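The values are calculated or read from the model by the stated rules, or taken from the named source; none is laboratory data. The structure displayed is predicted, hence computed values, not measured ones. Neighbour counts are summed over all protein chains in view; Cβ atoms, including those assigned to glycine, are modelled from backbone coordinates with ideal geometry. In case anyone asks, the SASA skips ligands and DNA or RNA and just uses the protein heavy atoms, side chains included. Shrake-Rupley method; radii C 1.70, N 1.55, O 1.52, S 1.80 Å.
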Amino acid sequence: MALESHETKYTSTPKTEALSGTASRRLAQNSAQNSAQNLAQNAAKNVAVVGGSAAGLLTASVLARQGVGVRVFERIETLEPASRTLIVTNRMRSLLGRAAEGCIVNEIRRFELFTDGRSATFELKQPDLIIERRALIQGLAEEARRAGVGLELGRRFHALHSNGRGLALEVERCTDGSREEIHADTIIGGDGAASRVARAAGWSPLETAPLVQAIVPLPKDMAPDTARVWFVPQDTPYFYWLIPESPTRGALGLIGETGPETRKLLENFLEKRGLTPVEFQGARIPVYTGWVPVRRQVGHGSVYLVGDAAAQVKVTTVGGIVTGFRGALGVAEAILNGGSSGALRKLRRELDLHLWLRRSLHDFQQDDYSKLVDLLNDPAKQSLSEYSRDEAWKILWRVCLSQPRLILLGLRGLLTHSRSLRGLRRSRV
């Protein structure tokens, strides 16, 4: 349930003091205890980040606070992203610290699940956060500038190549089309799912899915601290959601398979529920189909990918804010530690588990979702309450212990998915 873009705006945003998340502090401590020698080594490094995405800006801030020289190149002049309503887990607070607070517009403490006349409700021990993407990226841009990052606006990526002592980054000035060449030891692609940096460095294009949502008046029977999810497999293998951004408005959306069809499905869903859209929001979201190696050697330099550019997205919900931040911290750790990153290894395991869960659910029919909702007994709901979507291993373990029949349902989904893939392959031969 996330829309992430590399379009940003730098302005002064309240409540964005020093980037003080526990993960950032831990990274500083793990960089060989931050010795004077390491600081001198970091100061000699020269990093260019292409794209002012949330993940790109966080990577830049963390590196700059460790003494690395960092510049961010963003193609738009004003850094004014479109407003979008997102839902993330409370883990964002632990990753960003006080820097997270300025973008939070609401907190969700309850989920309601619906399918085929059935429903289930569970509370959240730690609230999910409704955030405004524009405020999030503006706050991160402010943090980056305070950390010493150079923000270069109106610079469009053109090319990269080895220059014998590192990398040459070619950028084009959007105002007059003139080009300039910047030397960097490391280039980081934070420029989204259609990353031009990734293509230039040899990564394959990513599979993406359309995400469309509408801002609507909140139904009168819906509390502003409650999110709703509908499983309608004839429309989408994912789900519809409604997340309140205030006591009066919310974002209702879905992830589809083709853009125009997804918009029509959403409009029909809104009409059936008597909801009139105030505005529509949309994006192409990367679909995680397997781990994307985040580093490539190009000549004597290194190219890294972060966030959507590396498909660091939970494919169960297609949410990429928190996992993108984790990828950003992992890439920063790898750059500071000569390529090694425990954070990236943990992120890979987490994303692979979400991929396994998505394969289990992807071919579910209405009866399967009905059984899923029916099987959510009180112990299973308690597990969903205690652990977030960013703790998938804990949820899976606890839920399966409390309701073993869910294991059989998931295995049947995996077998169905495998058969559908084999059929698809045969049809292409």
Counting only protein chains, not ligands or nucleic acids, how are GLU207, GLU107 ordered by accessible area (probe 1.4 Å), most first? GLU207, GLU107
Where the centroid of each part is defined by its Cα atoms, how far is region 188-206 from region 117-163 in Å? 18
From the phi angles alone, apply the Karplus equation (6.51, -1.76, 1.60; θ = phi - 60°) to region 343-356 and give each ³J(HN,Hα) in whole Hz, x where the residue is Gly or Pro. 4, 5, 5, 5, 5, 4, 4, 5, 5, 5, 5, 4, 5, 4
Förster radius 30 Å - calculated FRET efficiency between GLU101 and LEU270, Cβ distance, rounded to 0.05: 0.40
Highest average packing first - 214-223, 194-203, 141-150, Cβ atoms within 10 Å: 141-150, 194-203, 214-223
Would you pull out the residues with amide H under 5 Å of GLU80's amide H, same chain only if 5 or more places away, H placed 1.01 Å from N? THR8
Spelling out what I want: for every residue of region 46-56, take phi, set θ = phi - 60°, compute 6.51 cos²θ - 1.76 cosθ + 1.60 (Karplus), and round to whole Hz; glycine and proline get x. 10, 10, 10, 10, 9, x, x, 6, 4, 5, x
Stretched out fully, how many nm does the piece from THR248 to GLN126 gain, at 0.36 nm a residue minus the Cα gap? 41.6 nm
Cα-based reach from LYS125 at 18 Å (exclusive), listing aspartates and glutamates while leaving out same-chain residues under 8 positions away: GLU107, GLU112, ASP225, ASP378, GLU386, ASP390, GLU391
What number results when the radius of gyration of region 50-209, computed over Cα atoms, is divided by 2.2 N^0.38 Å? 1.26
Under a point-charge model restricted to the Cβ atoms of Lys and Arg (+1) and Asp and Glu (-1), what is the dipole moment magnitude of region 246-320 relative to its Cα centre, in debye to the nearest 20? 180
Using a probe radius of 1.4 Å on heavy atoms only, what accessible surface per residue do you get for region 283-364? Whole Å² is fine. 31
With r defined as the distance between the Cβ atoms of ARG179 and SER83 and R0 fixed at 30 Å, what FRET efficiency is calculated, to the nearest 0.05? 0.40
For VAL149, net neighbour charge (Lys/Arg +1, Asp/Glu -1) across residues whose Cβ lies under 13 Å away: 0
Inter-label distance, nm, simple model (7 Å from Cα along the C-beta direction), GLN382/GLN234: 3.8
